[in-house]
Each structure stands twice: as structure tokens, then as C-alpha cells.
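A.B. asks: Have a look at this one.
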Amino acid sequence: MGTGNQPVNRLDMLVKTVLLLFLSAALPHAPAVPPDTLPVTIPLPNMPHGSTVCGTMFMPFLFDPGDLVDDPAKGHQLLYLTETNLAVGDRRNFYVVNFEKSNQTTEFDNIEFELRALSGKSEVWVEVSELGDDKISDSVVADILQELDEQSAEDSWNPDMGIIDIGRQLFGDPPDFDGTGRLKTLLVNIQDGWDPEEGGGYIGGYFSPLDQSRRHPNSNKADIIYINTYPGIYWENRDPDASRIFGTLAHEYQHLIHYSYGNLNLFQNEGQSEFAEVISGYNARPMRWLQRPEEIDGTAAVSSGPEGLYRWRSGSSDVHLDYQRAQLLHSYMYERTGAERTGSITRASSGGKSAYQGALDAAGISWEEFLLDFQIANRLNDPDIDNGRFAYSLPQFANVRASGINARYDLTGNLVSGLVQGGSASSAEVMYGGGYYSLFEDAVNLTLDLSGDEHTAWAAILVQLTERDVVFLPEGFSKLDGTYDEIVLVGANTREQGGSEESPGSRQYTYTFEYEVVDISSGHDDRAHDFRLHGAYPNPFNPATQIRYSVPAAAHVTLSVYNVLGQRVATLVNGEKGPGTHDVTFRATGLSGGVYLYRLQADLEAGSHTASGKMLLVK
């Protein structure tokens, strides 16, 4: 492995060293400023075991903005030049934030590191106490350097590019504060209090703006990202594996690049870093927020900070849901505008919707259209409709489908479940950027009457066996002729109230509806005389879902569930069933997450009929 060293002119080096000493003496050093109390308990409680958060989101609570106001005189690029003769094996100390101790005041640990890899693009430093075959070995470091410099995952935007080149190509130029042009990656056991016995979330890594300051006494004065080794790369009974932190490398590198521009709000900055992981081909987060109606419509409680689309609950374990939402929205931006335009959001001259609008304008899409389509795609995710407009082509999101339903109505029009109450008119409340799903089962010639303001937009997802379609709806009356297994009314709030995206308020709309309903028990509903497997709801699900089927006459019915290997894991029905529609609950207790198949067979006088479907267990 080459070191990238160049011959050094000794006289030139002497001049630069003298300049360095002069700058160090001339620049004032500000005392550390006590921060606000961190808005979260470290370690991070009540989060899914092993889930990661980015320590960058805590940075505004750990320093005073005045610490980043430097003397306008140029020349700080000389600060690192005394180390142009770096070689693998060199050691030096770096300041690292101790998050566990920083709940009241900012605490730094002064830690010794050893340089374990050096190239023209990268320096990889390892905390000395973390060196070793059972922790951070040379092979782990080599894998990290290769991913940074030479290649990314198979599903990456460009697998032949490393994380650094993808970042520069898509997101922009990182700062070169220290004048070396190299990224410093520090592999360190970040003190965040994580305990494998207690579980919960941990800090996967962070970028600190303090390192871009000449004044702050704890600034490392270099272009650095910090990556957590424990439990990021290893923990008890788990062998070290560098690939576990590849996504974190891409995430934190975007944060470093964003510092060169610095105009996005927290949700957008984290969203771009989440997108950096996905577009580099690494794993996506599980979209648990799509199982919760209050997360989809944006009415989830927020103790402080922005509401609606940009809510970011740094002080709550629910922040992992904000990460999921940011990752999916920025990935859908990619689906509609492409990688380059989505990456350009990092370089936007201002935050908020204007940052998105630059990418959308280039693709001929309005912000309002995008917000409604996002809600449709999250429920539908079907690449065969409208040239993939409502789908995710990224393989990480192939199975994404919102199961959180605000209101569900059965085939008689009665409210089965949901947040709204039945009556002559149902009322929906949606925060800015949110969506609201009303599901109508077994709908025949559904008539809707919608009432809202000009910034509420609606569409209907029509499902008939395996056929699906989307119809956009105006305010007022709409009639959806035909017989459908389900119709999902999607409502979206596409504009903030009062011109403030930080405190956007909510919008309400009302809808009334009418089925052409007939009495099944009297035998007048043709649907009751069909053999039909209606499907599973919710789907995806955890831990239980309900499968509905219909038989036209008394029959011996079997309904079984299989894994993808064809092994039967459950028999839900095996016996005689009368004519009509039946529901059966499948509980996936003890089963691992993934795709499962269910198969219905009914032995009728006219012959045997079979049907099957798929469902996704999310854990």
C-alpha cells in the first residue's frame, strides 16, 4: 500500500513551519463554551436494538456558534502541513467528543491514534486501544480504505467509484481545511454509553464542525469523520466486520461536504446523508414509520423544534422514525429527479422547500405534486403504473408499503378501525408534508364528496385483484365506477400555513362517501358468490395480519402459510366452511422477518379452486 508521500524541499518546509508557529501564536483561543443540555439521554433508550443515530445532530447542543467564527485572515490551510511526511505507524492525539459525559457540559477525550492506512484521498486512524485482530485489524482497515477510495457496493450508483468519489460527484466539494486534500477517518470507540445487555440505539458516527475552527481549544483543525468501532464494527460474540460501517462512512462524509455549503435544515441534512448511504448501495432502514398513521399524517407529538415534514425529535427515541422518513423522502426525490439532481440539494443556497424545488424544477415537477405522489408511492409502490411514477426502483425499498391506515371502512360502509369517527362526514387532519389514508373495502361504485382548501390534494388507489390504478380527484363529487377489492383515498397537505415551514400548522378536510351496498345475507351480492382470496391486511405486518377469503357455497377449505423455501409454517383453516366471506388471523410469533406465501384451496362441487398471495413480515 503506497503512502502517497512526495519529496519535500527542506527550506520550503522550514518556512511553512515558521508560518505555522506564527499563526498558532497569533490566533486567539476561545475558552470552551458550556452548551445547552443535550436533548437526549445517552445511551439512547427505547430504540430498536442496534439501531444507529448520527452524532452530528447533537453538535448544535455541544458548542456555541461563536466558536466557529474565525479570524478572516487566510492561511489556515498551513496548519496541517507539518505532517506532509506522514507514514503508516505514526501516532498522534485527537480530541473526541464524549457523548456520555456531555449531558450538561461538552466533554472531550484526548485519545491517542495510530495511522493505519494512507493514500492520496484518505487517512485512516485507529484508536490505539482498539487495535488488534479481535477489534480493528489491518484487514478491517484495508477494507475501509478500499471502500472509501476504490469501490462501493454492487447496487451502488457507480460500483467502480469509492465513497469519496461518489460524494464529490453527487453532493459537492468537501472542505479542505487542513490543506492536505485527504479525508481523515477516525475509528474510535465513541463513548455513548451503549450496553449490549440493555440494547437500544447507539451513535454510529459523527462529523464535528468544531474541527473546522482555528479558535476552539478542542478543534483538531482537520477534515475528519468519526466512526464508532464498538458496536459498529464488533461487539461481544460477533467477529469484526468493516462492511457494517460502510453506510456510516457515506453518511458522515455527506455531512462533511454539506459543511462547505451549510444551508439545509437538520431534516434535510440528515436526509441527504441517509440518501448517500442508499445511493452507495448500502442497507436502508426498516420503514417502521409507515406502520403508524400519526407518523404518516405528521400529527405525531413533537416536544420542540419544527413540526410536520421537518420534525426532528433529537430528544426522543422516536428520532429513528425521523431518520426513516428522511431517508425515504430523499430516496423518492432520486426516483423522480435522478442522482445528480438529488445530490445537488446539498449545495442549495437556502434550506426548506426551495432546496428541493431546484431539483424538481429541473425535472418539471412541482413541490405540491411531489408531496402527493410521495404518499401514493408509499402505499402503492408499483413500478407498472405510469412509468414507475409511484414506485421505488432502488432495491432497498422493493418491499416498502405503508400499512398505517387512518380510517378503514368495511363493505357496508361502517368504520372498522381508525382515528376518525363515523357519521355523515369524516374529518381528516394532516400536517404539512403528511398524508392521510382512508381505506374502503369491497367498494362498488364508490361516490366521494371531498371538501378542503386549495392546498389539499387527493388521489384514489384502485385495487381489483392484481390490477391497480391511480386516479387524481378534485374537490367536490367524484364517482369511481366498478367493483374493487379496495380503494384507498390518499389526502396530502402540500403547503405550510402562514408561510412558515418550521411551524406550518395543519389542514383539515372532510369527506363523505356512499357505496352501492346490497345485503349479502339475502344472497343479492354477486361478490358473495365468487371464490376469492381478498388478501392480507395489514401487509406488511408485525406481528399479526388478517386474511380474508370468500367461497360461493359450502366447501372444504384449507388455508396455509409457507416460507420462501416452500416449507409450510402454519395451517390457518382446514375444514368445512359455509358460503360467504370469512376472516382468519395469522400471528407470526416466533417467525423471522421476510416474505411469506399463503395458499387458499376450496373443494366445491364444481371442482377445486386455489389462489395464493404474498405478505411481508417486518421485524
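A.B. asks: Against the condition open to solvent by less than 20 Å² (accessible area, probe 1.4 Å), of a type in the set (Asp, Glu) and out of contact with any strand residue (DSSP E or B) (no Cβ under 6 Å at 6 or more places or on another chain), how does Glu198 come out, does it pass?
C.D. replies: Here the answer is no, as Glu198 does not meet what is asked.
A.B. asks: Is it the case, given these coordinates, that Thr610 is over 25 Å from Asp442 (Cβ atoms), more than 33 Å from the chain's Cα centre (by Cα), of a type in the set (Val, Ile, Thr) and open to solvent by less than 80 Å² (accessible area, probe 1.4 Å)?
C.D. replies: For Thr610, the condition - over 25 Å from Asp442 (Cβ atoms), more than 33 Å from the chain's Cα centre (by Cα), of a type in the set (Val, Ile, Thr) and open to solvent by less than 80 Å² (accessible area, probe 1.4 Å) - is not met.
A.B. asks: A further question on this structure: In region 364-402, which residue that is among the polar types (S, T, N, Q) and surrounded by fewer than 22 Cβ atoms within 10 Å (Cβ to Cβ) is nearest to Ile345 (Cα to Cα)?
C.D. replies: Restricting to residues being among the polar types (S, T, N, Q) and surrounded by fewer than 22 Cβ atoms within 10 Å (Cβ to Cβ), the top hit is Ser366.
A.B. asks: On to the next question. Six or more apart or on different chains, Cβ under 9 Å: which pairs go from a residue in region 476-500 that's under 13 Å from Gly308 (Cα atoms) and open to solvent by less than 20 Å² (accessible area, probe 1.4 Å) to one that's part of a strand (DSSP E or B) and hydroxyl-bearing (Ser, Thr, Tyr)? Could you list them?
C.D. replies: Pairs that qualify, where the first residue is under 13 Å from Gly308 (Cα atoms) and open to solvent by less than 20 Å² (accessible area, probe 1.4 Å) and the partner is part of a strand (DSSP E or B) and hydroxyl-bearing (Ser, Thr, Tyr), are Ala492/Tyr436; Ala492/Thr456; Asn493/Tyr436; Asn493/Thr456; Asn493/Ser506; Asn493/Tyr509; Thr494/Thr456.
A.B. asks: I'd like the residue in region 132-158 that is among the charged types (D, E, K, R) and assigned to a loop (DSSP other than H, G, I, E, B) and, out of all such residues, is nearest to the chain's Cα centre (by Cα). Walk me through it before giving the result.
C.D. replies: Within region 132-158, the subset among the charged types (D, E, K, R) is 133-135, 138, 143, 147, 149-150, 154-155.
Still in the running and assigned to a loop (DSSP other than H, G, I, E, B): 133-135, 150, 154-155.
Details: Asp133: 33, Asp134: 31, Lys135: 29, Glu150: 26, Glu154: 20, Asp155: 17 Å.
Selected residue: Asp155.
Residue-wise test of (1) within 31 Å of the chain's Cα centre (by Cα); (2) modelled with pLDDT of 95 or more.
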| residue | (1), (2) |
| --- | --- |
| Phe390 | yes, yes |
| Leu415 | no, no |
| Gly418 | yes, no |
| Ala425 | no, no |
| Tyr437 | yes, yes |
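A.B. asks: Going by the structure shown, is Ile233 outside any helix (DSSP H, G or I) and either of a type outside the set (A, V, I, L, M) or open to solvent by less than 20 Å² (accessible area, probe 1.4 Å) (or both)?
C.D. replies: The answer is yes for Ile233.
A.B. asks: Same structure again: Restricting to region 236-290, name every residue that is among the aliphatic types (A, V, I, L, M) and assigned to a helix (DSSP H, G or I). Spell out how you get there, then give the answer.
C.D. replies: Here is the first cut: in region 236-290, the ones among the aliphatic types (A, V, I, L, M) are 242, 245, 249-250, 256-257, 264, 266, 276, 278-279, 284, 287, 290.
Result: Ala242, Ile245, Leu249, Ala250, Leu256, Ile257, Leu266, Ala276, Val278, Ile279, Leu290.
A.B. asks: Only one of (1) open to solvent by 40 Å² or more (accessible area, probe 1.4 Å); (2) within 25 Å of Asp155 (Cβ to Cβ) fails for Tyr323. Which number is that?
C.D. replies: Against the list (1) open to solvent by 40 Å² or more (accessible area, probe 1.4 Å); (2) within 25 Å of Asp155 (Cβ to Cβ), Tyr323 comes up short only on (1).
A.B. asks: So in region 90-113, with the set limited to residues that are open to solvent by less than 60 Å² (accessible area, probe 1.4 Å) and within 29 Å of the chain's Cα centre (by Cα), which one is farthest from Ala222 (Cα to Cα)?
C.D. replies: Asn103
A.B. asks: Can you name the number of the only condition in (1) at pLDDT below 90; (2) outside any loop (DSSP other than H, G, I, E, B) that Thr106 fails?
C.D. replies: (2)
A.B. asks: Here's something else I'd like to know. Return the residues of region 114-157 that are within 16 Å of Arg244 (Cβ to Cβ), surrounded by fewer than 21 Cβ atoms within 10 Å (Cβ to Cβ) and among the hydrophobic types (A, V, I, L, M, F, W, C); say none if nothing qualifies.
C.D. replies: Ala142, Ala153
A.B. asks: Pull out all pairs, ordered by first then second residue, where Cβ-Cβ is under 7 Å, the residues are six or more apart or on different chains, the first lies in region 388-405 and is within 15 Å of Asp155 (Cβ to Cβ) and assigned to a helix (DSSP H, G or I), and the second is open to solvent by less than 60 Å² (accessible area, probe 1.4 Å) and not hydrophobic (A, V, I, L, M, F, W, C).
C.D. replies: Phe397/Ser331
A.B. asks: Looking at (1) among the charged types (D, E, K, R); (2) surrounded by fewer than 21 Cβ atoms within 10 Å (Cβ to Cβ); (3) touching a helix residue (DSSP H, G or I) at 6+ places or on another chain (Cβ under 8 Å), can you tell me which one Arg238 breaks?
C.D. replies: (3)
A.B. asks: Let me ask something else about it. Which of the numbered conditions does Tyr334 fail, given that it passes all the others? Conditions: (1) under 26 Å from Ser260 (Cα atoms); (2) open to solvent by 40 Å² or more (accessible area, probe 1.4 Å); (3) over 18 Å from the mean Cα position of the chain (by Cα).
C.D. replies: Of everything listed in (1) under 26 Å from Ser260 (Cα atoms); (2) open to solvent by 40 Å² or more (accessible area, probe 1.4 Å); (3) over 18 Å from the mean Cα position of the chain (by Cα), Tyr334 misses just condition (3).
A.B. asks: Now for a different question. Only one of (1) farther than 18 Å from Val140 by Cβ; (2) in contact with a Leu (Cβ under 7 Å, 6 or more places away or on another chain) fails for Gly262. Which number is that?
C.D. replies: (2)
A.B. asks: Return yes when Leu371 is under 15 Å from the mean Cα position of the chain (by Cα), within 24 Å of Gly505 (Cα to Cα) and part of a helix (DSSP H, G or I) and no when it is not.
C.D. replies: Working: under 15 Å from the mean Cα position of the chain (by Cα): no; within 24 Å of Gly505 (Cα to Cα): yes; part of a helix (DSSP H, G or I): yes.
Judged against the criteria, Leu371 is not a match.
A.B. asks: Can I ask one more? Collect the residues in region 432-472 that are open to solvent by less than 10 Å² (accessible area, probe 1.4 Å) and among the polar types (S, T, N, Q), keeping them in residue-number order.
C.D. replies: Result: Ser438, single match.
The values are calculated or read from the model by the stated rules, or taken from the named source; none is laboratory data. Every value quoted in this text rests on a predicted model; they were computed, and no experiment measured them. With ideal geometry, Cβ positions are generated from the backbone for all residues, glycine too; neighbour counts draw on all protein chains shown. Areas reflect the complete protein model, heavy atoms only, side chains present, ligands, DNA and RNA absent. Shrake-Rupley method; radii C 1.70, N 1.55, O 1.52, S 1.80 Å.
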